[in-house]
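What follows is a set of notes on a single structure, which appears directly below.
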Amino acid sequence: MQFLNGITLLLVYQLVGEVTVRLLGLPIPGPVLGMVMLFLTLMIRGRTPQSVDNAATALLSHLSLLFVPAGVGMMAHFGRIADEWLPITLALLLSTILTMVATALIMQLTTRWLAKPAGQGGCKDE
């Protein structure tokens, strides 16, 4: 029963995100907004309900099944992919490189921001 409650809660947040995006005409996917709202809710609560934890664990344990529709879509459009392999390959390579560079820069900025200079805060040795 806890799994069902957790899945229901996850789907409700997805639905609320989708409805909000459509009503306000926002340029982001509804499930992404729903995920942000769920994240904020969990941050405010300070803990994850057991039902959501159970549902998330079950979904993650079967994550590979979620790639089946993508694989079927690739096979259904194989002719188009074969015709346009060069732009697809370039887009994948460039987006991967840009993502890696952006991630590295954000990680450096975050590390500098969170790092405390020596002598400030922490325990004092006396």
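The values are calculated or read from the model by the stated rules, or taken from the named source; none is laboratory data. What you see is a predicted model, and the numbers here were worked out from it, not measured in a lab. All Cβ positions, glycine included, derive from the backbone under ideal geometry; neighbour counts span all protein chains shown. Protein only, heavy atoms only, side chains kept; ligands, DNA and RNA dropped before computing areas. Shrake-Rupley method; radii C 1.70, N 1.55, O 1.52, S 1.80 Å.
Here are a few things to note about the model shown:
- If you filter the range 73-115 down to residues that are part of a loop (DSSP other than H, G, I, E, B) and not charged (D, E, K, R), you find that the one that is least open to solvent (accessible area, probe 1.4 Å) is Ala115.
- Residue match in the range 19-29 (condition: closer than 20 Å to Phe3 by Cα and open to solvent by less than 80 Å² (accessible area, probe 1.4 Å)): no
- Flag if Leu60 is among the hydrophobic types (A, V, I, L, M, F, W, C) and either open to solvent by less than 100 Å² (accessible area, probe 1.4 Å) or more than 16 Å from the chain's Cα centre (by Cα) (or both): no
- Checking each residue in the range 30-47 for being part of a loop (DSSP other than H, G, I, E, B) and either surrounded by 13 or more Cβ atoms within 10 Å (Cβ to Cβ) or in contact (Cβ under 8 Å) with a residue 60 or more places away in the chain (or both) picks out no residue at all.
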